[in-house]
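For reference, the structure is listed below as structure tokens.
The values are calculated or read from the model by the stated rules, or taken from the named source; none is laboratory data. Predicted, not measured: the structure shown is a model, and the values here were computed from it. Glycine also receives a Cβ, built like all others from the backbone with ideal geometry; neighbour counts cover every protein chain displayed.
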Amino acid sequence: MKKINALLLLLVCSASSLYAAKVDTILVRSNSMNKQVEVVVVSPSGAKSEAPVVYLLHGYSGNARSWIGIKPDLPKIADQTGITFVCPDGKNSWYWDSPKDPSYRYETFVAKELVDYIDANYPVKKDRSARAITGLSMGGHGAMWLALRNKSVFGAVGSTSGGVDIRPFPNNWEMSKQLGEASSNREIWEQHTVINQIDRLKNGDLAIIVDCGYGDFFYEVNLDLHKKLRKYQIDHEFQVRPGVHNADYWRNSIDYQILYFKKFFDGKK
């Protein structure tokens, strides 16, 4: 009987391992920055081909493991939805190709080098119709920045608590390291803020979801982004709810964004 129970336990454990999402921590070569970049990839179990991908960008002071820390059930969500999640380390880059520091080329890395690597090494669908990008705070800015400037790469974009207009915060979060001091580099700051990229869009270019908590210090700039998207008649979802700039808000909000992206991947957006 003990042998039978042990065998049953072994079979159960083996079966459960067959249906558990795979979490890889890998190093991806960036030729543009001449270095290796850490990336966490969460792949649904049994994925053989054509999986859609959501790129998740962390915020200021975060790293490649930030999202799996905020949302530990990402592997379960990957299995439930069939979505692959890719979480790169973006340092404190704001996901720009810095005009001041050539060693920071994170737009090129995420939108080109990383996408090419994932397409070549994971069983994913290699088409913008199966790629979305979102992020929190600095990563919300980064996701919008990358998608608006790389519409042939990403079909859907989100931002949660995103710093979607950097201009009211000239002395914060090391942005001046990437762009120079705001007072003496005004044109660069104007060119590198998400809200000034909206004129690149035509309605239908991207599926867009933006959310922010009422108590967030980025609430007003998100509201301004919503108003500008409406002015340009760009269809989008804009969600606001009680909350501040913290992990509790992001842990909840990302569920809504994943649902939105799933509908996009399924052709319902």
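Here's the yes/no breakdown for (1) in contact with a Leu (Cβ under 9 Å, 6 or more places away or on another chain); (2) closer than 26 Å to ALA20 by Cα:
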site: LEU56; (1), (2): yes, yes
site: TRP67; (1), (2): yes, yes
site: PRO75; (1), (2): no, yes
site: PHE85; (1), (2): yes, yes
site: PRO99; (1), (2): yes, no
site: ALA111; (1), (2): yes, no
site: LYS126; (1), (2): no, yes
site: THR134; (1), (2): yes, yes
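Only one of PHE154, PHE218 is within 20 Å of TYR106 (Cα to Cα) and at pLDDT 95 or above; which?
None of the others qualify; the one that does is PHE154.
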**Within the range 166-269, helices (runs of 4 or more DSSP H) holding 1 or more residues that are within 22 Å of TRP67 (Cα to Cα) and acidic (Asp, Glu)** = 247-265
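Counting only residues that are of a type in the set (Ser, Thr, Tyr) and farther than 14 Å from LYS112 by Cα, which one in the range 124-154 is surrounded by the most Cβ atoms within 10 Å (Cβ to Cβ)?
That would be THR134.
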**Asked** Conditions: (1) closer than 19 Å to SER161 by Cβ; (2) touching an Asp or Glu at 6+ places or on another chain (Cβ under 7 Å). VAL37 meets all but one. Number of the miss?
**Response** (1)
**Message:** Checking the structure you have, find out if any residue of the range 12-26 is polar (S, T, N, Q), more than 21 Å from VAL157 (Cβ to Cβ) and at pLDDT 95 or above.
**Reply:** yes
**Request:** Identify, from the list ARG241, ARG251, ARG230, ARG200, the residue that is touching a residue at least 40 places away in the same chain (Cβ under 8 Å) and over 19 Å from the mean Cα position of the chain (by Cα).
**Result:** ARG200
**Request:** Select, from GLY46, GLY82, the only residue that is closer than 19 Å to VAL157 by Cα, free of Cβ contacts under 8 Å to residues at least 40 places away in the same chain and surrounded by fewer than 20 Cβ atoms within 10 Å (Cβ to Cβ).
**Result:** GLY82
**Message:** So VAL153 ticks every box in (1) under 14 Å from the mean Cα position of the chain (by Cα); (2) assigned to a helix (DSSP H, G or I) but one. Which box is left unticked?
**Reply:** (2)
**Request:** May I ask you to verify whether LYS202 is under 18 Å from ASP97 (Cα atoms) and charged (D, E, K, R)?
**Result:** no
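When you look at ALA132, is it in a helix (DSSP H, G or I) and small (Gly, Ala, Ser), yes or no?
no
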**Complete:** The residue from PRO72, PRO102, PRO88 that alone is touching a residue at least 24 places away in the same chain (Cβ under 8 Å) and not β-branched (Val, Ile, Thr) is PRO88
